[in-house]
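Each remark here refers to the structure printed beneath this line.
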Amino acid sequence: MKTSKNTLRMLTALLIPAAFAACSDDSTGPDAEINGSVSARMSDGTNSALMAHAMTAGAFAGSASGQAQVQVFSDAEGWVNLGSPATSTVQLQSNNSATTLYSSASVPVGTYTRVKLVMDGFDANVNAGAIFGGLTLSTELRIVMGGADGKIEIEKTVTPFTVSATSSTTIDFDINSEAWINEGSAQSQTASDTEVQSATTAVVTS
């Protein structure tokens, strides 16, 4: 009988901590946060409707580089970062090239209505030989994007999209540089926030 009591005490000592551990782990419980997957890309394709200063498609080439970050907005969550800012480079006027900013970022499930691209410290480097109206570049040209502080926040309202545990959503930003790299910005070597913001488009596919 004494042996049975000792055995019972030993089992109780082992089972009680295990029970508390199980109760404290609610990662799969009803209140656990459920996330879905969102990816984001940035490109700079040609768009004839945005050509400025008598430019033609393919009138310039080069690249734009800086720190990029993407956020999505829902009424329930507010603004959600897809990840930390990362150094990114996009090829100018390239219809066949897109830079992946985030691949399968984890965000809370829900319906999102706005997206934001934050560009910090971006410069557009235009190759020599570019033609803007009557101006032909003899050397590479650097255009500072975003004015004095070098930061541009591009917020776009999109068709509401739902992120679920089984969905896969992609946000494509096109900075449409043909609308703001032109004779004027080549001479001033700057592109304002407003110019870049108004030219950039955002398309969401699920």
Problem - Set THR139, THR170, THR166: member being surrounded by fewer than 15 Cβ atoms within 10 Å (Cβ to Cβ), of a type in the set (S, T, N, Q), over 21 Å from ASN125 (Cβ atoms) and out of contact with any helix residue (DSSP H, G or I) (no Cβ under 7 Å at 6 or more places or on another chain) - result: THR166
Practice task
Quick one: in segment 60-76, of everything that is hydrophobic (A, V, I, L, M, F, W, C), farther than 20 Å from ALA105 by Cα and crowded, with 20+ Cβ neighbours inside 10 Å, which residue is modelled with the highest pLDDT?
Solution key: ALA64
Practice task
Using the structure shown, decide if ALA52 is more than 13 Å from the chain's Cα centre (by Cα), under 22 Å from ALA130 (Cβ atoms) and modelled with pLDDT of 75 or more.
Solution key: no
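Okay, residues lined up against (1) crowded, with 21+ Cβ neighbours inside 10 Å; (2) within 25 Å of ALA61 (Cβ to Cβ):
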position: GLN91; (1), (2): no, yes
position: ALA98; (1), (2): no, yes
position: ARG114; (1), (2): no, no
position: MET119; (1), (2): yes, yes
position: MET145; (1), (2): yes, yes
position: GLU155; (1), (2): no, no
position: SER177; (1), (2): yes, yes
position: SER206; (1), (2): no, no
Handout entry: Unmet criterion (only one of (1) at pLDDT below 60; (2) within 30 Å of GLU178 (Cα to Cα)) for ASP44
Key = (1)
Handout entry: Evaluation of GLN187 against (1) at pLDDT 95 or above; (2) in a helix (DSSP H, G or I); (3) surrounded by fewer than 21 Cβ atoms within 10 Å (Cβ to Cβ) (one fails), failing number
Key = (1)
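The values are calculated or read from the model by the stated rules, or taken from the named source; none is laboratory data. This one's a predicted model, so the numbers in the text were calculated from it and none came from an experiment. All Cβ positions, even for glycine, are placed from backbone atoms using ideal geometry, and neighbour counts span all protein chains on display.
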